[in-house]
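Written below as structure tokens is the structure these notes are about.
The values are calculated or read from the model by the stated rules, or taken from the named source; none is laboratory data. Note that the structure is a prediction, hence the values are computed from the model and not measured. Backbone-built Cβ (ideal geometry, glycine too); neighbour counts: all protein chains shown. The protein model used for the area step is the full one, side chains on, heavy atoms only, and it has no ligands, DNA or RNA in it. Shrake-Rupley method; radii C 1.70, N 1.55, O 1.52, S 1.80 Å.
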Amino acid sequence: MVRFWTDNIILWVMGLLVSAGSLRVSEAEDTSSGATPTPGHAAKVLAFYYPWYGNPKYPQGSGRWSHWEGVEEEKKQIASSTNYPKLGAYDSHDPQLLRQHAEWSKQAGIHGWIVSWWGRNDFTDRAMPRILEACQKAGLQATIYYETIRGKKTPDNAAQELLDVLKTYADHPAWFRWQGKPVLFIYVRALDELGLDGWRKAVEQIRQNYPKGVVLIGDRMSREAAQVFDGIHTYNTAGHLKGRNLQQLRSWAEQTFPAWVALARKENKIATLTVIPGYDDTKIRKPGLKVDRFEGQSYALQWQAAIAARPDWILITSFNEWHEGSEIEPSVEWGDRFLEITRIWSDRFTQPPKP
């Protein structure tokens with residue numbers, strides 16, 4: 001059954017590749033929109049990554065439970081997780097686990113991780129040295145996803161936290177850099193805690209105190225955000241995809257993705273687009289939100305539309321956010337099909353178009 005699915009989905013995806021190739025040729029001939037072409041080998045594929053899981057049974061791990069709740073290994077169920085990981089309820093501090101994740105990511109054509117980060121000395125922060133080590137060995141890169149401002153919600157606090165991150169980690173060989181500068185991502189929660197005016201002040205402080213230069217990517221698809229940050233992104237498109245069938249989803253992506261890229265291009269900033277395999281947070285939120293995976297077809301359609309829109313980077317939500325059911329990491333329910341789909345489309349995105 002698995003082989004039957006694999007053969008058929010690859011044939012279906014290859015059909016999309018043919019149509020995508022035709023689309024890129026026609027777009028390449030039309031430069032009136034001002035959009036820059038996909039930068040071929042310079043294009044990046046990044047996945048949001050969660051290092052907040054703990055399980056005391058792993059001797060080299062964190063030594064405690066974290067985030068997993070109601071684990072039933074025999075039934076392969078986790079009360080706080082939509083699906084069940086192929087590796088079971090693992091520990092994010094376990095070096096062997098990190099090596100496996102890095103190898104899978106590399107094989108799937110992912111260039112780096114955007115690592116959920118909740119402050120210095122937090123559980124997620126204590127995993128960072130091991131994450132960077134695993135990424136370096138696998139040939140990946142990593143940066144942080146700045147989730148929230150700890151303490152007072154002020155530009156000073158935000159700037160100091162990010163400066164501390166840069167001074168602590170940004171010189172590591174595996175840190176994600178763009179044109180020689182370290183990259184940081186700002187989540188919408190942290191963005192809303194200051195507002196754009198507050199972040200403008202924080203950005204000024206960071207640049208004044210970190211003369212090496214830094215690239216900041218804010219979680220808001222607006223021209224105003226593009227004027228504050230060096231690039232813009234969105235973490236989660238599930239709200240836009242909810243209730244749409246495949247044709248409606250494709251139409252939404254084909255209309256929306258080019259518009260989002262244009263927002264960044266008009267300000268000469270980094271353009272990113274986010275693709276998501278599916279979403280289901282109904283185990284942790286009531287009533288929650290669920291977006292069907294359509295056996296992988298939805299994910300492939302989003303990739304096709306994203307590539308056609310020619311962003312600089314394509315972001316994946318997520319590698320392993322198990323609570324919200326958006327993971328592409330292998331699971332009992334889906335096997336490795338979403339890693340395989342990622343590999344096919346990442347190759348398409350990062351390889352220069354053939355004549």
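The table below gives the values:
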| quantity | calculated |
| --- | --- |
| 10 °C / 1.306 mPa s Stokes-Einstein diffusion coefficient of the range 231-355, Kirkwood radius on C-alpha pairs, µm²/s | 106 µm²/s |
| Other-chain or far-sequence residues with amide H under 5 Å of Ala271's (modelled H) | Asp312, Trp313 |
| Loop-located chymotrypsin sites (Phe, Trp or Tyr not before Pro) in the range 41-80 whose Cβ has at most 15 other Cβ within 10 Å (DSSP) | Trp65 |
| Size of the chain as Cα extents on the principal axes (Å, biggest first) | 53, 50, 41 |
| Carbon + sulfur, % of accessible area of the range 83-224 - ligands and nucleic acids excluded, 1.4 Å | 44 percent |
| Heavy-atom surface of the range 171-328, accessible at 1.4 Å and reported per residue (Å²) | 37 Å² |
| Whole-angstrom gap from the range 92-163 to the range 268-336, using each part's C-alpha centre | 19 Å |
| Selected from Pro155, Pro330, Pro211 as most flexible by GNM, with the chain as the system and alpha-carbon contacts under 10 Å | Pro211 |
| DSSP-loop trypsin sites (Lys or Arg not before Pro) across the range 144-193, with at most 14 other Cβ within 10 angstrom | Arg150, Lys152 |
| Contact order relative to length of the range 168-303, as percent, for alpha carbon pairs under 8 angstrom and 6 or more apart | 19 percent |
| Relative contact order of the chain, pairs being alpha-carbon contacts under 8 Å that are 6 or more residues apart, as % | 21 percent |
| Added length on full extension, which subtracts the Cα-Cα distance from 0.36 nm per residue, Asp347 to Glu74 | 94.6 nm |
| Other-chain or far-sequence residues with amide H under 5 Å of Tyr145's (modelled H) | Val115, Ser116, Trp117 |
| In Å, descending, principal axis extents of the Cα set of the range 184-290 | 48, 32, 21 |
| Sparse-neighbourhood loop sites, GluC sites (Glu not before Pro) in the range 49-83 - DSSP loop, at most 15 other Cβ within 10 angstrom | Glu69, Glu73, Glu74 |
| Translational diffusion coefficient (Stokes-Einstein; Kirkwood radius from C-alpha pairs) of the range 114-224 at 20 °C, 1.002 mPa s, in µm²/s | 151 µm²/s |
| Net charge over other residues, Cβ less than 11 angstrom from the Cβ of Glu267 (K, R count +1; D, E count -1) | +2 |
